[in-house]
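The values are calculated or read from the model by the stated rules, or taken from the named source; none is laboratory data. Note that this is a predicted model, so its numbers are computed, not measured. A quick note on method: Cβ atoms are made from the backbone with ideal geometry, for glycine too, and the neighbour counts reach across all protein chains shown.
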Amino acid sequence: MADEGRIRGLITDILALILSYSLGAFIRILPTFKYGANLTADDPLLHYRITDYLVKTGHLPSYDPLSWHPWSYNPTEVLPVLHYYTGAAIYKLVSLFGFKDLYTVVVYIPAFFAPLIVIPLYLTAKELWGREAAVISAFSISLSWAYLSRSLAGWYRHEQFAIPLLMASLYFTLKAMRTDEDWKVIVYSGLSGAFLVYASGVWAGFRALYDGYALILFLLLLLDRLDWRKALALGIPPLYVLIASLGALSNLAYRKLYMSFESTLVWASLLAALVYLLSERIPKVAGRRREVSVVAGVALLAIFLGLGIYQPLTGRLMRVLFPSVKLPQGNVVETVAEHGAGESFESFTTLLIPASLGLFFLIIERWRKDEELTLALMTLISLYFAVSIVRLPPLAAPFLALCAGYFTQRLLIFSEPYIKRVRALERSKGRRGASLPLKRKIYMLRVPIILMLILVILPVALQGHIREYGGNLYSYALSYEEAMSYPLGFSEGWIDALNWLKSNTKPEEIAISWWDYGYWMQFGSGKVTIADGLTINSSQIALIAKGFMGPEERMLDLASRMNASYVVVDVPAEVGNFQGGGKWIAIAWIAGEFQYSPYRSDESSKWLTQDLRKFFYYDSMSGRYIPTDYALNTTLYKMALASIGFGKMNYFELVHVGKNQGYVEVAIFKVKGG
């Protein structure tokens with residue numbers, strides 16, 4: 001009977017994993033039904049080009065001839081190198097089965113790799129709370145728009161690889177904390193470290209666990225609950241990453257992670273833990289080992305900070321850790337949509353119901369169990385990051401799914417008295433040769449059934465996304481509905497413009513555009529560009545911004561200095577409908593045209609009343625914002641007007657317009673005489 005029970009349990013596990021994985025994969029491929037097998041028009045275009053180079057040459061490029069002219073950069077130092085090796089390895093594997101087109105393969109990689117997260121998530125929930133919690137956790141993540149949104153087909157980015165790897169690291173760390181066998185602690189801790197190192201070579205978001213492990217290590221020390229087992233489980237993974245940053249992973253070595261600001265906590269925690277555990281054997285300090293170890297850790301931290309022997313945080317990381325921090329005037333970071341304030345309720349929606357209840361009970365009931373305290377704190381850390389920056393809700397989604405699993409187990413415990421009464425009545429009826437009608441069973445179990453439906457089943461099944469249209473207008477779309485309408489590829493106007501550039505310009509000719517469109521022209525027309533979505537050179541982006549927001553002579557000077565022949569403008573995106581909206585706001589901010597930031601809540605009202613009027617004034621008769629003469633004399637607005645037949649350029653010639661449904665979308669200008 002015991003063997004039969006194990007077999008049934010194993011079959012249940014396999015079926016749950018197959019079904020939850022298949023559900024996640026199916027939702028992710030839905031965009032391709034409408035838009036075809038295409039990448040999203042942003043970072044995946046770069047990642048495809050690097051993977052293509054690796055597949056063709058067998059090594060990563062040390063120079064990108066199409067990017068950031070005239071300086072370029074070394075992709076192996078700036079980009080997460082293991083992303084490309086993973087993509088190339090998957091391509092080599094599937095090519096054995098006849099899938100020879102790399103572009104199509106990388107389009108579908110996110111759809112089939114990202115759902116693998118159900119494996120470590122299922123194993124974690126089952127390890128902690130049982131099979132029922134594991135099933136709910138797996139299906140919760142499969143339907144979570146917060147996780148789906150950055151791992152759909154076409155979304156060939158870092159999260160698709162990194163988040164399953166991070167969850168695998170978490171699983172093995174918790175396993176190491178729970179086992180009593182020394183060899184298993186070492187093996188599980190090592191596996192956790194290996195997965196964390198792998199993730200660190202794929203995505204900068206690995207820092208959530210990297211610093212999270214160190215923080216929890218220090219907390220257990222403060223609570224006087226640290227032993228060698230937990231120290232290894234929480235200390236080895238970040239230690240492995242520190243070692244890898246000495247040279248094994250070029251992207252970490254270039255940024256000197258081993259002496260970065262975020263690593264100061266890791267070094268301090270590791271030292272404090274070592275002192276804490278070793279001092280137990282020293283009689284003179286054994287009674288005060290907690291205080292001694294804290295002093296040692298804090299002293300090391302003070303040395304790092306006091307002497308300044310650490311790499312300062314980048315603007316992006318500063319924004320993640322301290323969302324309210326004020327970055328320098330005209331900074332690029334604030335203008336990037338992905339670096340804006342994070343979504344929480346909009347992306348997590350109904351999952352927040354069982355997840356928040358689960359987190360609440362997890363904290364108040366299980367905080368004395370170190371592995372579950374670790375999970376609760378990691379959930380809180382990931383939620384903080386999810387709220388701080390818009391691209392990080394996917395990191396919090398699996399933790400919330402686990403909390404939903406715990407609440408399910410909690411509800412099942414609550415249901416046990418009801419189930420016992422039903423079983424007792426069944427036995428009583430059975431002795432009299434009768435059976436208990438199904439309706440009676442349902443009636444007796446009505447309370448737990450209703451609670452399970454309202455608090456778990458429906459919230460998990462009805463996950464989706466709250467769409468905001470502005471003006472307090474919202475709508476709700478289920479996850480699969482949102483996936484079906486997620487755009488892939490380029491618009492009609494851009495396809496036409498990119499084809500024209502490819503057919504009518506020389507490969508060595510250089511094009512200027514706002515940085516958003518650098519990847520597009522590199523990928524779609526093979527153009528050399530001076531800025532792109534990597535945004536690694538703020539000074540060069542500022543030069544472009546000043547060129548667009550100044551007179552023609554300033555843009556001509558930039559084109560001459562960069563030896564550029566063409567300027568490309570996305571008219572509707574950059575100037576909107578000439579009523580105040582569009583990317584021109586970001587361009588003007590970076591160009592230094594504003595005193596107040598349009599991106600900060602405490603300054604936006606002053607921006608509206610003082611800075612905006614420099615470019616637009618409100619016409620009460622028409623109820624519209626009208627561009628001022630100052631705005632109309634900027635290069636950007638002159639080019640936008642010229643593209644629709646108004647105005648005249650002195651130094652640039654309109655050579656082509658790409659139209660979308662009959663309307664001008666992309667305007668291509670050539671330097672006169674160039």
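Structure values in brief
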| quantity | calculated |
| --- | --- |
| First in the range 90-104 and within 15 Å of ASP52 (Cα to Cα), second anywhere and of a type in the set (Ser, Thr, Tyr) and assigned to a helix (DSSP H, G or I), Cβ under 6 Å, 6 or more apart | LEU102/TYR91 |
| Subset of the range 278-297 that is over 16 Å from LEU223 (Cα atoms) and modelled with pLDDT of 90 or more - its residue that is surrounded by the most Cβ atoms within 10 Å (Cβ to Cβ) | ALA296 |
| The one condition in (1) closer than 26 Å to GLY493 by Cα; (2) among the hydrophobic types (A, V, I, L, M, F, W, C); (3) out of contact with any helix residue (DSSP H, G or I) (no Cβ under 7 Å at 6 or more places or on another chain); (4) assigned to a loop (DSSP other than H, G, I, E, B) that MET621 fails to fulfil | (1) |
| Residue that is surrounded by the fewest Cβ atoms within 10 Å (Cβ to Cβ) [pool: residues in the range 178-192 that are part of a helix (DSSP H, G or I) and among the hydroxyl-bearing types (Ser, Thr, Tyr)] | TYR188 |
| Residues that are over 27 Å from ILE544 (Cα atoms) and among the β-branched types (Val, Ile, Thr), drawn from the range 28-70 | ILE29, THR32, THR51, VAL55, THR57 |
| Number of positions in the range 652-666 that are in contact with a strand residue (DSSP E or B) (Cβ under 7 Å, 6 or more places away or on another chain), closer than 18 Å to GLY524 by Cα and either not aliphatic (A, V, I, L, M) or not in a strand (DSSP E or B) (or both) | 4 |
| Any hit, the range 384-405, residues being within 18 Å of LEU458 (Cα to Cα), out of contact with any strand residue (DSSP E or B) (no Cβ under 9 Å at 6 or more places or on another chain), surrounded by 15 or more Cβ atoms within 10 Å (Cβ to Cβ) and without any contact (Cβ under 8 Å) to a residue 60 or more places away in the chain | yes |
| Subset of the range 557-570 (residues that are within 16 Å of ILE668 (Cβ to Cβ) and either out of contact with any strand residue (DSSP E or B) (no Cβ under 6 Å at 6 or more places or on another chain) or part of a strand (DSSP E or B) (or both)) | TYR566, VAL567, VAL568, VAL569, ASP570 |
| From ALA168, ALA153, ALA138, ALA134, residue being surrounded by 24 or more Cβ atoms within 10 Å (Cβ to Cβ), within 23 Å of LEU373 (Cα to Cα) and in contact with a Lys or Arg (Cβ under 7 Å, 6 or more places away or on another chain) | ALA134 |
| The range 575-586, residues that are outside any loop (DSSP other than H, G, I, E, B) and surrounded by fewer than 24 Cβ atoms within 10 Å (Cβ to Cβ) | ILE585, ALA586 |
| Subset of the range 502-517 that is in a helix (DSSP H, G or I) and closer than 13 Å to TYR566 by Cβ - its residue that is farthest from the chain's Cα centre (by Cα) | ASN504 |
| Test: residue in the range 481-501 that is outside any loop (DSSP other than H, G, I, E, B), touching a Leu at 6+ places or on another chain (Cβ under 9 Å) and hydrophobic (A, V, I, L, M, F, W, C) | yes |
| Residue within the range 107-119 that is farther than 26 Å from LEU488 by Cβ, surrounded by fewer than 24 Cβ atoms within 10 Å (Cβ to Cβ), assigned by TED's automatic domain parsing to the domain that holds ALA194 and modelled with pLDDT of 95 or more present | yes |
| Candidates VAL266, VAL275 - the one that is out of contact with any Leu (no Cβ under 6 Å at 6 or more places or on another chain), buried (at least 23 other Cβ atoms within 10 Å of the Cβ) and not assigned by TED's automatic domain parsing to the domain that holds THR86 | VAL266 |
